[in-house]
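**Student:** Structure below; questions to follow.
The values are calculated or read from the model by the stated rules, or taken from the named source; none is laboratory data. Predicted, not measured: the structure shown is a model, and the values here were computed from it. Don't worry about glycine lacking a Cβ; one is built from the backbone with ideal geometry, like all the others, and counts go over all protein chains shown.
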Amino acid sequence: MSSSIKQIVKRDGTVVPYDRDRIATAIFKAAAAVGGSDRSEADRVALMVEQRLVDNFGEQSTPSVEEIQDLVEEALIKEGHAKTARAYIRYRHDRQMERTQRAYKFEATDNIPYKKIYEVLRWNMDHGCDTVDGLNEIIASGKLPELIAASEERYDKEVKAGAVKFMERLPDVRVFFIAGPSSSSKTTTTIKVSEKLAEAGMEFLALNIDHYFFDLEHHPRDEFGDYDYETPHALDLQLIDRHIADLLAGKSIKTPHYDFKTGKRKLDVYDMKLEKNQILLIDSLHGLYGEMTQSTPDDKKFKLYIETLGQVRNREGLFMRWADNRLLRRMIRDSWHRNLQPEQTLTHWHYVRRSELRNIIPFIGTVDYLVNSAMPFELPILKARLFQFFPPAMEKFKNDAKRQDAYVRAKRVYDTLKDLTPVEDDSPVPKTSLLREFIGGSEYKY
């Protein structure tokens, strides 16, 4: 039986041919590890997963390996193969470790160097916040404010180190990019980088890439008909590229203005000119995407990448996924900034994640500096605001073939947070904290 799915997106962003047999083989290996010997059952479950992919994302779609593996785990559990599901999860982890060992400089998840992830894990372990139980103990002992202060200090030092590394490349470099996936806190990091540069006596000019969106009616749509703001092709990349090149050449430009309420843009609205003593500062989801700055030589660009590289395990020993951390942040921000319900953010998130894998992750190897924006203390605070939405979402989407990705994700976040003590009081969180970008109460203007 031929499949309508022809390609998939790997974790490093590359697109490869789809092969159902590889799914069946992985299932069979997991089953064999717990005493199973029925290859035909593995084939049947693999076919079931494929059908759910088609139901979920549509024919001719290009799902990610991450989405496929999540649905495999869910299908095994639903079909009564709980032991095989647990073995499959272990198999997944072992394969990840094998990839890491084959190429030490790259960690298996999202192209992030393994050394950086190890540093994050060691920091969490040293501060007793690498597990849910560790966080609970910190909360119970009244030491959460101390963890907040230590986390903020660690993040501030990383941002400062990035600014210093940038200044070491002056005067050749003229453009400073702050790039990263959705809700990684690019905006706050951009503000803090600006502060560091100002302290060093440097002037900067910020270019707002959000104003370069095409009119909404011209945006690509996802499989549910939602407009896709996540793809770089929703932006006028040619105009961005030309404007950056013109600014570096000392020319004056007129940037557009985009109105998110109407979904319309106006051209030639804001006058801009980069003076010789100024640095061009750009905060963009797609700051690593080549077409955006193809006319600017690489030696004139500095790229700082930011991601929630959290290393917190639940009671089953599973680490919270970075993308799930960012999902929680965006669920809150969308509710007050875009008037979206948390459930709407949850159902759209698979498209956000797939765009990251295709348009951001492949280019991480080009960055000059990496910042971890995960704050261990944020999880109990986020739980207090959002946990209530996950049980009804799980119930609503459990039997909806087109929303299995939302069900799997909701259940995974629920399982991660269910044993964590929620924290209602956010008063110990500084007004300059990156978390304020999402929960409100910041002294910065966003």
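**Student:** Consider Glu307 against the criteria (1) at pLDDT 95 or above; (2) over 30 Å from Glu168 (Cα atoms); (3) of a type in the set (D, E, K, R): it satisfies all of them except one. Which criterion is unmet?
**Tutor:** Every condition holds for Glu307 apart from (2).
**Student:** Check Tyr258 against each of (1) without any contact (Cβ under 8 Å) to a residue 40 or more places away in the chain; (2) within 26 Å of the chain's Cα centre (by Cα); (3) in a strand (DSSP E or B) and name the one condition it does not meet.
**Tutor:** The one condition Tyr258 does not meet is (1).
**Student:** Next question, about the same structure. Please name all residue pairs, on different chains or six or more residues apart, with Cβ atoms under 8 Å, provided the first residue is in region 131-159 and is within 11 Å of Pro380 (Cβ to Cβ) and the second residue is at pLDDT below 95 and part of a helix (DSSP H, G or I).
**Tutor:** The qualifying pairs are Val132/Thr416.
**Student:** Go through Ile138, Ile148 for me and flag whichever is in a helix (DSSP H, G or I), touching a helix residue (DSSP H, G or I) at 6+ places or on another chain (Cβ under 6 Å) and farther than 14 Å from Val371 by Cα. Before you say what the answer is, go through the steps one by one.
**Tutor:** Numbers: Ile148 fails: touching a helix residue (DSSP H, G or I) at 6+ places or on another chain (Cβ under 6 Å).
Of Ile138, Ile148, the one residue that is in a helix (DSSP H, G or I), touching a helix residue (DSSP H, G or I) at 6+ places or on another chain (Cβ under 6 Å) and farther than 14 Å from Val371 by Cα is Ile138.
**Student:** Can I ask one more? Among Asp419, Asp334, Asp405, which is of a type in the set (Asp, Glu), outside the structural domain of Glu230 (by TED's automatic domain parsing) and modelled with pLDDT of 90 or more?
**Tutor:** Working: Asp334 fails: modelled with pLDDT of 90 or more; Asp405 fails: modelled with pLDDT of 90 or more.
On inspection, the qualifying residue turns out to be Asp419.
**Student:** Right, here's the next one. State the number of residues belonging to region 240-284 that are touching a Leu at 6+ places or on another chain (Cβ under 6 Å) and under 16 Å from Lys300 (Cα atoms).
**Tutor:** Result for region 240-284: 5.
**Student:** Can you find even one residue in region 250-261 that is modelled with pLDDT of 95 or more, over 19 Å from His286 (Cα atoms) and either crowded, with 18+ Cβ neighbours inside 10 Å or not assigned by TED's automatic domain parsing to the domain that holds Phe176 (or both)?
**Tutor:** Yes, region 250-261 contains at least one residue that is modelled with pLDDT of 95 or more, over 19 Å from His286 (Cα atoms) and either crowded, with 18+ Cβ neighbours inside 10 Å or not assigned by TED's automatic domain parsing to the domain that holds Phe176 (or both).
**Student:** What number goes with the only condition from (1) of a type in the set (Val, Ile, Thr); (2) farther than 22 Å from Asn399 by Cβ; (3) in a helix (DSSP H, G or I) that Thr62 does not pass?
**Tutor:** (3)
Okay, residues lined up against (1) assigned to a strand (DSSP E or B); (2) on the phi > 0 side of the Ramachandran plot; (3) surrounded by 18 or more Cβ atoms within 10 Å (Cβ to Cβ):
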position	(1), (2), (3)
Leu170	no, no, no
Pro181	no, no, yes
Ser184	no, no, yes
Thr190	no, no, yes
Val193	no, no, yes
Gly201	no, yes, no
Leu205	yes, no, no
Asp210	no, no, no
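**Student:** Within region 8-61, which residues are of a type in the set (S, T, N, Q) and within 26 Å of the chain's Cα centre (by Cα)? Lay out the reasoning, then the answer.
**Tutor:** Start the filter on region 8-61 by keeping residues that are of a type in the set (S, T, N, Q), which leaves 14, 25, 37, 40, 51, 56, 60-61.
Correct list: Thr14, Asn56, Gln60, Ser61.
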